[in-house]
There are 2 protein chains.
Amino acid sequence: MTRTVLMPAETIPTVIDDAIRVAVSTVIFTLRRLPGSDAAAVALPLVRRTRDPHEGQWALPGGWLDVTEDLGAAASRTLAETTGLAPSYLEQLYAFGAIDRSPSRVVSIVYWALIRPDEIVDAVENVSWFDAAALPELAFDHNEIVDYALWRLRNKVGYSRIAHGLLADEFTLAELREVYETILGRRLDPANFRRQVENSGNLIPTERFRTGSHRPARLYRYNQDVELAERGPLGARD
Amino acid sequence: MTRTVLMPAETIPTVIDDAIRVAVSTVIFTLRRLPGSDAAAVALPLVRRTRDPHEGQWALPGGWLDVTEDLGAAASRTLAETTGLAPSYLEQLYAFGAIDRSPSRVVSIVYWALIRPDEIVDAVENVSWFDAAALPELAFDHNEIVDYALWRLRNKVGYSRIAHGLLADEFTLAELREVYETILGRRLDPANFRRQVENSGNLIPTERFRTGSHRPARLYRYNQDVELAERGPLGARD
DNA sequence: GCAAAAGTGTTCCGGGTACACCCATGT
DNA sequence: ACATGGGTGTACCCGGAACACTTTTGC
């Protein structure tokens, strides 16, 4: 058996029965205050599909991997192209490649990311933000993928210090605590929380305070030096 | 710009300048007793490459992903084809896709696995076992990959109970402890180790004992029920 | 009996948790 | 003044680490 392929390179590849294509998608989380509520919730942007398969359904932002770019670069690029976002934290999640996850054979390298509320660009064509706890039925296996990403987020928040990826440069301990409480889904003791993050050595106190309602709260910033070396031998690997 | 491809489907695809191919490789660990020493060490099988690129160099067992098989199935198949091994534990490690990791563009979905010494089939053509601590220079970025897999192994051994993937069905606590000591690279207190692993609820004591040198040691087996649910929402996902 | 590994008991220490309490500010 | 969140002090609990000690075998 032989096959012949003739196509313009600029278009999306036509489906070839024994070809495998590589896509890159990103689950990108932020925290936002629910309208009509004082509680924060995990939210993520989805893109409405404008072509088959699953036309009209919501899907994770992503696109085809380009021959000339690394995996992480492809995640950043496709994320920017579809949503206009540039996350502060980006990490590979998993490679999904079940044969029936798409009509044609697609292996998706999925990344997950965190973004600060102030970095969010709103009102992008075909993009909408959803509460992670109340997603509609998504295209492909994307519901499953989001579930897994949420699991990783909750897990990682437990032992790593990535929560600052959801906050602006300077923040109060109460704001940081709210991030943890939202992701973990339970209340944390303010006193103990303070001591734990202070002793972790990741926080640098500033001389600025957030004023407003009651006693002013000291603003902190993150110590960027600690950041790395948690992922093991892989620095910024693809 | 257009391109034309004409090829028999049974052969390995020829290199096409703007094509991306998907490979699957596996880092598979076992423990073996070093010759002329009483200490155990982490070892893994490598395959000598018989064609370019990197002909003659050692590489991880693997092969091309088939259109009709899931990622995990491809890992199992290529592992069996190249080494004859069927691991008791197999999990996705990472997707490697840097543009310069191979002369042509290859994205490798890498799995890592554990195998029991009694499952090892020896004397397979072009396959040789190496001490993980003293590897030669491998093909592609495979040294990096093994380093990362070793890091994950050590990490996971700390919080998960996968060490039994390296032991036969029944084993003494001393044998189990040796597995941990070898992977972690430090001695563990036998008394404390016993209590910890006993209280974890993963061990089932048998009425059999290993006799030999001194006081007989009770044999244990693993409680298979606990096994799962550790990977989150992904059961046996690809 | 003695060496050596199996197995038990006990103490200490540090980090997490619960909770009482004081401090500083807006209204 | 008082309500409210910021921030401190302290007692308790539990799990890990260290280590002394007893038990059971082979030689």
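The values are calculated or read from the model by the stated rules, or taken from the named source; none is laboratory data. Remember, it's a predicted structure, so these values are computed and weren't measured experimentally. Glycine gets a Cβ as well: all are built from the backbone with ideal geometry, and neighbour counts include every protein chain shown. SASA here: full protein model, heavy atoms, side chains in, ligands and nucleic acids out. Shrake-Rupley method; radii C 1.70, N 1.55, O 1.52, S 1.80 Å.
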Test of understanding: in a Gaussian network model of chain A with alpha carbons linked when under 10 Å, which of A:Ala80, A:Ala95, A:Ala123 would top the mean-square fluctuation ranking? A:Ala123
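Report, to two decimal places, the Cα Rg of chain B normalised by 2.2 N^0.38 Å (N = number of residues).
Details: Rg = 20.2 Å, N = 238, 2.2 N^0.38 = 17.6 Å.
Rg over 2.2 N^0.38 Å, computed on Cα atoms: 1.15.
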Whose amide H sits under 5 Å from the amide H of A:Tyr89, counting only residues 5 or more places off or on another chain, with H placed in the peptide plane? A:Leu114
Given Cα pairs under 8 Å that are at least 6 residues apart, what percent is the relative contact order of chain A? 19 percent
Within the stretch B:157-228, report the trypsin sites (Lys or Arg not before Pro) that DSSP leaves as loop and that have at most 16 other Cβ atoms within 10 Å. B:Arg186, B:Arg187
Distance from a point 7 Å along Cα→Cβ of A:Ala217 to each backbone N in the stretch A:160-175: keep the residues under 20 Å and list them by number. A:161-175
Give me the mean projected area, in nm² to one decimal, of the convex hull enclosing the Cα positions of the stretch A:116-238. 10.6 nm²
Taking A:Gly185 in one copy and the same position in all the others, each labelled 7 Å out along Cα→Cβ, what are the pairwise distances from the first, in nm, shortest first? 3.8
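Per residue, how much accessible area does chain A have with a 1.4 Å probe, in Å²?
On the way: 11920 Å² over 238 residues.
Here the residues of chain A average 50 Å² of exposed surface.
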Treat each spin label as a single point 7 Å out from the Cα along the C-beta direction, and report the A:Glu125 to A:Tyr159 distance in nm. 4.4 nm
In whole percent, and with a 1.4 Å probe on the protein chains, what portion of the accessible area of the protein assembly as shown is carbon and sulfur? 49 percent
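If you filter the stretch A:152-190 for chymotrypsin sites (Phe, Trp or Tyr not before Pro), then keep DSSP loop positions with at most 12 other Cβ within 10 Å, what is left?
Numbers: sites: A:Tyr159, A:Phe171, A:Tyr180; in loops: none.
Sparse-neighbourhood loop chymotrypsin sites (Phe, Trp or Tyr not before Pro): none present.
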With N denoting the number of residues in the stretch A:169-222, provide Rg(C-alpha) divided by 2.2 N^0.38 Å, to two decimal places. 1.11
Other copies of A:Asp100: label-to-label distances in nm, shortest first, labels 7 Å along the beta-carbon direction: 4.3
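Between chains A and B, what is the buried accessible area summed over both chains (1.4 Å probe, protein heavy atoms, nearest 100 Å²)?
Values: alone 13820 and 13850 Å², together 23880 Å².
Chains A and B together bury approximately 3800 Å².
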If I stretch the segment between B:Glu207 and B:Ala133 completely, what's the gain in nm (0.36 nm per residue apart, minus their alpha carbon distance), one decimal? 22.9 nm
Springs between alpha-carbon atoms under 10 Å, Gaussian network over chain A: tell me which of A:Val24, A:Val146, A:Val107 tops the mean-square fluctuations. A:Val107
List the equivalent ellipsoid semi-axes of the stretch A:21-159 in whole Å, largest first, each obtained as the square root of 5λ for an eigenvalue λ of the Cα gyration tensor. 23, 17, 15
Which residue fluctuates most in the GNM of chain A (Cα springs below 10 Å): A:Ala40, A:Ala98, A:Ala139? A:Ala98
Write down, largest first, the equivalent ellipsoid semi-axes of the stretch B:25-78 in whole Å, where each equals the square root of 5 times an eigenvalue of the alpha-carbon gyration tensor. 28, 17, 5
Placing the label point 7 Å from Cα along the Cα-to-Cβ direction, what are the distances from A:Glu144 to the equivalent spots in the other copies, shortest first, in nm to one decimal? 2.9
Kirkwood hydrodynamic radius (C-alpha pairs) into Stokes-Einstein, the protein assembly as shown, 20 °C and 1.002 mPa s, D in µm²/s: 86 µm²/s
